[in-house]
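Structure, as structure tokens:
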Amino acid sequence: MKTVLILCTGNSCRSQMAEVLLNHDLAGQVHALSAGTKPQPKVADGAIEALRLAGLNTDGLYPKDVDAVMNQDIDLVVTVCDNAKETCPIFPRPVKSIHLPFHDPHGEPIDSFVTVRDDIRARLIAAVRNEFGL
């Protein structure tokens, strides 16, 4: 099974939704983790609600610092915001990375979170499938 790290700045919205979507849609093929370069105190309420509206489990989600996953055996890093791309750390071993930015819906109505969730589901799942030949 391949391991994918979804990296953003706060690890409170886009990367959290991406982690849940990848683990759900590519279950048994991919294990997704998420982290942030400057994690926020909690996952955004809108991100939790958007995932719940899609019938997805949000139990146990919390922002994590990228340092907590540095020594994991990661096959692919996906940066989902421009800031994370610019500050992406150097991993202990070479790891492929791709940049796939998504709109940040913080402070916007739930409809924006749902739109971003669906965009992540459409583009990120396809990109990961393509990277691993799934």
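The values are calculated or read from the model by the stated rules, or taken from the named source; none is laboratory data. All figures in this text were calculated on a predicted structure; none of them were measured in a lab. A quick note on method: Cβ atoms are made from the backbone with ideal geometry, for glycine too, and the neighbour counts reach across all protein chains shown.
Each residue in region 110-134 was checked for being in a loop (DSSP other than H, G, I, E, B) and without any contact (Cβ under 8 Å) to a residue 40 or more places away in the chain, and 1 of them qualify. Residues in region 23-51 that are over 19 Å from residue 104 (Cα atoms), assigned to a loop (DSSP other than H, G, I, E, B) and among the aliphatic types (A, V, I, L, M): 26, 27. Take the conditions over 23 Å from residue 132 (Cα atoms), modelled with pLDDT under 90, surrounded by 14 or more Cβ atoms within 10 Å (Cβ to Cβ) and polar (S, T, N, Q) and apply them to residue 58. Does it pass? Answer is no for this residue.
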